[in-house]
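J.: Please find one structure pasted underneath; my questions will follow.
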Amino acid sequence: ARLVPARSAAGEASSGAEGADGGGAAAAWRAVQRAFLPANVTSDYWEYARWRCCQRVASSMLNVLATQQMLYAIGIGAERGLAAAAVVNWVLKDGLGRLGKLAVSTRLGSSFDADLKQYRFSSSVVYNVAHALEFTTALVPQHFLVLATVANIGKSIGVSTSMSITPAIHRSFAMSENMADVSAKNQAQQVVADNVGLALAVGLSKWWAHVSPSKAAVTLMPFAAYPVLAGLDMFCIRNELRAVALRTLNVTRAELAADEWLRRGGGAGGGGAAGGAHTRGAVGGDRGSGGRMWRWLSGGGDGGGGGGKRKLSSVPVAAPTAREVALVEPVMPGRRPGERVLRLSVGALPVAHMRFEAELRAVAEDARDCGSALVAHVDPRTGERTASLVLGEGAVSSAHAVLRGVLEAAHLRRALGEQDAAGKRVSGHEAAMDNMRRLQKESKLFADKHTSELMEALVAAGWNTTHFKLSETQASYVTCA
């Protein structure tokens, strides 16, 4: 007897194609698939891989041109003395640059899981700024060490952040605990993309040197290519991150899911949620570009009001899927459009917003009893409305407790949005605070009643609600002393 390896569905299909064609082209294509494409991955992997390969080509071209500029700078610097000085500069540049990697690994590592996409995009911005500094060394070679060291620190931060985050993204694609296969194929794809970028950059440099052989033109060519390649790099990273449907909740994804669940009519009849009741099939027409789905979340209007009267339905309201949330989840740092109505933060107790010790104790007791407590505030100078979610001891490991606070904030945001849309925003700090407290009481009752319903809807939509991703700052909690 002998062991025969199982064949995947993709392999079976390829085998059928090979038999149909009867030639070697199908066999070659199967070999390429086995070498570069993982099996048993989620559907969002393919869009991610396409944008990832495009991004690696642009990044590789930037690396080649930046290295060319630094070598050019070293060559000019050698006119001052020994070539050994250039070697020392280069070694110091690499050695000091590793300090950036050390700083990222020791100080930010615990926060990456809470916001993978924004950290990944931010790392690309830092990396491209570092490239810009490397390009500049050719113009001021006497400052090579300073510029190259700062650039290498930035590149080390970018690379370290990317390497820390990429395995978590790959894990979201693996359907059968085959993350090693996904990672290996990703490395194979990167090798091809990097070599394509290398060839394109070398070809571009040679072509430019042939067209404009002057020394000044050769030095300035990379500066003309930089904005195009850096822009393409960040555009591809933005799209590859939008293609990733992370199925574990963090604060941002939970807010987006709760806001949309309320807009669809989640909890209707239980106190104040606006919008018609939608089932998963009923929202299909809203998903296309230009549809109403996500208009309010993406800043396209609706004012938080939703329009129309609430429809009561016994059919459970579907929560948005991870893929739907990924399409509107921000990858760049900054405020979402919905946060213009009410901005939520999670973490330490906002002592500055408390006037009396009794208020502090009431919030701490509420966090202890409910797992979380929401502290709403209106800034007396700017009128900005914020809410701080404070977690009770033990709640940081409870997705239900955190989601309860997020749902309370989402309900409060929707109620305030309805007032704003109707032109009934309350002016005056004291009156605004009284209005906020009144609405918050309603939102608290709503969240107490409907959090389990939202949790069930999220599970039905494919979300992993076992854990809730919080950063080290967000995971702080209060106790009743």
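Where a number appears in this text, it was derived from the coordinates with a stated rule and is not lab data. Being a predicted model, the structure only gives us computed values, none of them experimental. Backbone-built Cβ (ideal geometry, glycine too); neighbour counts: all protein chains shown.
J.: Using only the Cα atoms of region 322-474, what do you get for the radius of gyration and for Dmax, in Å?
T.: 15.7, 45
J.: Ok, one more. Viscosity 0.890 mPa s, temperature 25 °C: give me the Stokes-Einstein translational D for region 365-415 in µm²/s, with Rh taken as the Kirkwood radius over C-alpha pairs.
T.: 215
J.: Between Ala180 and Glu393, what FRET efficiency follows from the Cβ-Cβ distance if R0 is 25 Å, with the result rounded to 0.05?
T.: Computed FRET efficiency for Ala180 and Glu393: 0.10.
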